[in-house]
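The values are calculated or read from the model by the stated rules, or taken from the named source; none is laboratory data. Quick caveat: nothing in here was measured; it's all calculated off a predicted structure. When we count neighbours, we look across all protein chains shown, and the Cβ atoms used for this are built from the backbone with ideal geometry, even at glycine. Areas reflect the complete protein model, heavy atoms only, side chains present, ligands, DNA and RNA absent. Shrake-Rupley method; radii C 1.70, N 1.55, O 1.52, S 1.80 Å.
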Amino acid sequence: PPSPSSPFSSGPDVAAAVDEVKSLLDQGRITRAVDILGGILPAAAARHGQNSPVVRTLRKQYAATLMDDGQYRRALPELRLLAEEFGKETGPAATRQALQFHYEAAQCLEQLGEVTQALDEYRALLPYFERYPDDPARPLEIRRSIGHLLLAQGDRAAAQESLSRLLYDAERLHGPHHAFPAEVRRMLHWLGQVQG
(Lines give C-alpha, C1' and ligand atoms only; values in the text may rest on other atoms or scores of the structure.)
Protein backbone atom coordinates (compact mmCIF):
# COMPACT_ATOMS: atom_id res chain seq x y z
CA PRO A 1 0.00 0.00 0.00
CA PRO A 2 1.27 3.50 -0.76
CA SER A 3 2.70 5.26 2.27
CA PRO A 4 1.05 8.51 3.33
CA SER A 5 2.63 11.06 1.05
CA SER A 6 4.57 14.01 2.40
CA PRO A 7 5.02 16.95 0.05
CA PHE A 8 8.56 15.68 -0.56
CA SER A 9 7.75 12.12 -1.47
CA SER A 10 4.82 12.86 -3.75
CA GLY A 11 5.32 12.36 -7.46
CA PRO A 12 6.96 9.50 -9.25
CA ASP A 13 9.92 7.59 -7.95
CA VAL A 14 12.47 8.53 -10.59
CA ALA A 15 15.07 5.99 -9.44
CA ALA A 16 12.54 3.13 -9.54
CA ALA A 17 11.36 4.22 -13.00
CA VAL A 18 14.95 4.33 -14.27
CA ASP A 19 15.55 0.81 -12.92
CA GLU A 20 12.39 -0.40 -14.64
CA VAL A 21 13.46 1.24 -17.91
CA LYS A 22 16.87 -0.46 -17.73
CA SER A 23 15.24 -3.83 -17.18
CA LEU A 24 12.79 -3.27 -20.06
CA LEU A 25 15.65 -2.26 -22.39
CA ASP A 26 17.56 -5.41 -21.39
CA GLN A 27 14.47 -7.39 -22.43
CA GLY A 28 14.29 -5.48 -25.71
CA ARG A 29 10.96 -3.88 -24.76
CA ILE A 30 11.90 -0.49 -26.13
CA THR A 31 8.42 0.92 -26.78
CA ARG A 32 7.34 0.25 -23.18
CA ALA A 33 10.55 1.92 -21.92
CA VAL A 34 9.74 4.95 -24.09
CA ASP A 35 6.26 5.20 -22.56
CA ILE A 36 7.62 5.12 -19.00
CA LEU A 37 10.32 7.71 -19.70
CA GLY A 38 7.86 9.98 -21.51
CA GLY A 39 5.46 9.66 -18.60
CA ILE A 40 7.97 10.46 -15.89
CA LEU A 41 9.78 13.38 -17.56
CA PRO A 42 7.17 16.12 -16.93
CA ALA A 43 6.77 15.09 -13.27
CA ALA A 44 10.54 14.92 -12.76
CA ALA A 45 10.94 18.37 -14.36
CA ALA A 46 8.24 19.81 -12.08
CA ARG A 47 9.94 18.31 -9.06
CA HIS A 48 13.65 18.80 -9.78
CA GLY A 49 13.64 21.66 -12.30
CA GLN A 50 13.84 21.53 -16.08
CA ASN A 51 17.65 21.88 -16.17
CA SER A 52 18.50 19.64 -13.22
CA PRO A 53 21.01 16.82 -13.75
CA VAL A 54 18.36 14.16 -13.06
CA VAL A 55 15.98 15.58 -15.70
CA ARG A 56 18.81 15.97 -18.20
CA THR A 57 19.83 12.34 -17.68
CA LEU A 58 16.23 11.22 -18.16
CA ARG A 59 15.86 13.36 -21.28
CA LYS A 60 19.07 11.92 -22.79
CA GLN A 61 17.82 8.40 -22.10
CA TYR A 62 14.40 9.28 -23.50
CA ALA A 63 15.84 10.72 -26.73
CA ALA A 64 18.18 7.75 -27.20
CA THR A 65 15.37 5.26 -26.55
CA LEU A 66 13.04 7.06 -28.97
CA MET A 67 15.72 6.84 -31.66
CA ASP A 68 16.27 3.14 -30.92
CA ASP A 69 12.53 2.65 -31.30
CA GLY A 70 12.52 4.49 -34.64
CA GLN A 71 10.31 7.28 -33.24
CA TYR A 72 12.30 10.03 -34.96
CA ARG A 73 9.51 12.61 -34.96
CA ARG A 74 9.24 12.40 -31.17
CA ALA A 75 13.02 12.26 -30.66
CA LEU A 76 13.68 15.41 -32.69
CA PRO A 77 12.33 18.06 -30.25
CA GLU A 78 14.03 16.30 -27.31
CA LEU A 79 17.38 16.32 -29.13
CA ARG A 80 16.98 19.97 -30.10
CA LEU A 81 16.23 20.87 -26.49
CA LEU A 82 19.31 18.97 -25.27
CA ALA A 83 21.50 20.58 -27.96
CA GLU A 84 20.26 24.01 -26.89
CA GLU A 85 20.83 23.31 -23.17
CA PHE A 86 24.37 22.04 -23.67
CA GLY A 87 25.05 24.81 -26.20
CA LYS A 88 24.51 27.41 -23.47
CA GLU A 89 27.27 25.91 -21.34
CA THR A 90 30.94 26.65 -21.71
CA GLY A 91 33.75 24.16 -21.98
CA PRO A 92 34.80 21.61 -24.59
CA ALA A 93 32.77 18.73 -23.10
CA ALA A 94 29.49 20.69 -23.27
CA THR A 95 30.28 21.87 -26.80
CA ARG A 96 31.01 18.32 -27.89
CA GLN A 97 27.80 17.05 -26.28
CA ALA A 98 25.74 19.80 -27.97
CA LEU A 99 27.25 18.87 -31.35
CA GLN A 100 26.40 15.21 -30.75
CA PHE A 101 22.73 16.11 -30.13
CA HIS A 102 22.68 18.31 -33.25
CA TYR A 103 24.10 15.36 -35.19
CA GLU A 104 21.40 13.02 -33.86
CA ALA A 105 18.74 15.61 -34.72
CA ALA A 106 20.11 15.68 -38.29
CA GLN A 107 19.87 11.87 -38.37
CA CYS A 108 16.22 12.15 -37.34
CA LEU A 109 15.55 14.65 -40.13
CA GLU A 110 17.25 12.32 -42.61
CA GLN A 111 15.17 9.35 -41.40
CA LEU A 112 11.99 11.43 -41.65
CA GLY A 113 12.80 12.31 -45.27
CA GLU A 114 13.28 16.02 -44.49
CA VAL A 115 16.01 16.12 -47.12
CA THR A 116 16.74 19.86 -47.37
CA GLN A 117 16.70 20.42 -43.60
CA ALA A 118 18.90 17.39 -42.97
CA LEU A 119 21.38 18.54 -45.64
CA ASP A 120 21.57 22.00 -44.08
CA GLU A 121 22.16 20.51 -40.61
CA TYR A 122 24.88 18.11 -41.77
CA ARG A 123 26.67 20.81 -43.78
CA ALA A 124 26.61 23.16 -40.80
CA LEU A 125 27.97 20.43 -38.48
CA LEU A 126 30.70 19.06 -40.72
CA PRO A 127 33.37 21.74 -40.07
CA TYR A 128 32.94 21.33 -36.30
CA PHE A 129 33.38 17.57 -36.40
CA GLU A 130 36.37 17.92 -38.72
CA ARG A 131 38.15 19.76 -35.89
CA TYR A 132 38.09 16.72 -33.59
CA PRO A 133 41.10 14.54 -34.38
CA ASP A 134 39.99 11.83 -31.94
CA ASP A 135 36.97 10.87 -34.08
CA PRO A 136 38.13 10.88 -37.71
CA ALA A 137 35.33 8.56 -38.85
CA ARG A 138 32.45 10.89 -37.89
CA PRO A 139 33.11 13.55 -40.58
CA LEU A 140 33.18 10.75 -43.16
CA GLU A 141 29.82 9.46 -41.90
CA ILE A 142 28.39 12.97 -42.17
CA ARG A 143 29.76 13.26 -45.72
CA ARG A 144 28.20 9.89 -46.63
CA SER A 145 24.84 11.20 -45.39
CA ILE A 146 25.33 14.36 -47.44
CA GLY A 147 25.97 12.17 -50.51
CA HIS A 148 22.82 10.14 -49.81
CA LEU A 149 20.76 13.31 -49.40
CA LEU A 150 22.13 14.88 -52.59
CA LEU A 151 21.01 11.72 -54.37
CA ALA A 152 17.61 11.96 -52.71
CA GLN A 153 17.35 15.53 -54.03
CA GLY A 154 18.13 14.21 -57.52
CA ASP A 155 21.44 16.09 -57.73
CA ARG A 156 23.42 13.21 -59.21
CA ALA A 157 26.42 15.29 -60.32
CA ALA A 158 26.94 16.80 -56.86
CA ALA A 159 26.39 13.39 -55.23
CA GLN A 160 28.98 11.78 -57.52
CA GLU A 161 31.56 14.50 -56.87
CA SER A 162 30.92 14.39 -53.12
CA LEU A 163 31.09 10.59 -52.92
CA SER A 164 34.23 10.39 -55.11
CA ARG A 165 36.09 12.70 -52.72
CA LEU A 166 34.66 10.72 -49.79
CA LEU A 167 35.89 7.42 -51.26
CA TYR A 168 39.44 8.76 -51.48
CA ASP A 169 39.41 9.95 -47.84
CA ALA A 170 37.64 6.82 -46.59
CA GLU A 171 40.24 4.56 -48.21
CA ARG A 172 43.01 6.65 -46.66
CA LEU A 173 41.43 6.37 -43.20
CA HIS A 174 40.06 2.82 -43.22
CA GLY A 175 42.03 1.07 -45.95
CA PRO A 176 40.46 -0.07 -49.26
CA HIS A 177 38.92 -3.31 -47.93
CA HIS A 178 36.93 -1.81 -45.06
CA ALA A 179 33.11 -1.94 -45.22
CA PHE A 180 32.74 1.86 -45.29
CA PRO A 181 34.72 2.58 -48.51
CA ALA A 182 33.20 -0.57 -50.02
CA GLU A 183 29.72 0.89 -49.46
CA VAL A 184 30.73 4.25 -50.99
CA ARG A 185 32.24 2.39 -53.96
CA ARG A 186 28.94 0.52 -54.48
CA MET A 187 27.02 3.80 -54.44
CA LEU A 188 29.40 5.31 -56.99
CA HIS A 189 29.21 2.19 -59.17
CA TRP A 190 25.40 2.38 -59.07
CA LEU A 191 25.52 6.09 -59.93
CA GLY A 192 27.83 5.38 -62.87
CA GLN A 193 25.45 2.73 -64.19
CA VAL A 194 22.43 4.98 -63.80
CA GLN A 195 24.20 7.82 -65.60
CA GLY A 196 25.94 5.63 -68.18
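What accessible area per residue comes out for region 115-195, rounded to a whole number of Å², with a 1.4 Å probe?
Working: 4540 Å² over 81 residues.
Result: 56 Å² of accessible area for each residue.
Where the accessible area of region 14-112 is counted over protein heavy atoms with a 1.4 Å probe, how much of it, in %, is carbon and sulfur? Could you put the intermediate results ahead of the total?
On the way: 2530 of 4940 Å².
Exposed carbon and sulfur together represent 51 percent of the surface.
Quickly estimate the mean residue ellipticity at 222 nm for the chain, helices only: each DSSP H run with n ≥ 4 gives -39500 (n - 2.57), and the total goes over all residues, rounded to 500.
Numbers: 9 runs with 152 residues, N = 196.
Per the formula, -26000 deg cm²/dmol.
For region 115-195, which whole percent of the accessible surface, found with a 1.4 angstrom probe, sits on carbon and sulfur atoms?
About 52 percent, which is the carbon plus sulfur part of the accessible surface.
Rounded to the nearest 20 Debye, what is the dipole magnitude of region 14-112 about its Cα centre when Lys and Arg each give +1 and Asp and Glu each give -1 at the C-beta? Don't jump to the answer; show the numbers that get you there.
Values: 12 positive and 12 negative charges, 37 e Å.
The dipole magnitude comes to about 180 debye.
About the Cα centre of region 115-195, what is the dipole size in debye to 20, counting +1 per Lys and Arg Cβ and -1 per Asp and Glu Cβ, all else neutral?
Numbers: 10 positive and 11 negative charges, 43 e Å.
Taking the Cα centre of region 115-195 as origin, the dipole is about 200 debye.
Could you list log10 I(q)/I(0) for the chain at q = 0.12, 0.17, 0.18 Å⁻¹, which the Debye formula gives when each Cα is one point scatterer?
So the normalised log intensities are -0.73, -1.14, -1.21.
Picking from ALA105, ASN51, ALA118, whose Cα lies most toward the positive end of the charge dipole for region 39-149 (charges on Cβ: Lys, Arg +1; Asp, Glu -1)?
So the residue we want is ASN51.
Can you tell me the relative contact order of region 115-195? Whole percent, Cα pairs under 8 Å, sequence separation 6 or more.
Computed value for region 115-195: 24 percent relative contact order.
Return a whole-number percent for the relative contact order of region 14-112, with Cα pairs under 8 Å and 6 or more residues apart as the contact set.
Details: 94 pairs, mean separation 19.6, N = 99.
RCO, region 14-112: 20 percent.
Given +1 on the Cβ of Lys and Arg, -1 on the Cβ of Asp and Glu, and no further charges, what dipole in debye does the chain carry about its Cα centre, rounded to the nearest 20? Mind dumping the intermediate values first?
Working: 22 positive and 25 negative charges, 21 e Å.
That gives the chain a dipole magnitude of about 100 debye.
Got the relative contact order for the chain handy, in percent, Cα pairs under 8 Å and 6 or more residues apart?
Values: 183 pairs, mean separation 19.6, N = 196.
Rounded, it is 10 percent for the chain.
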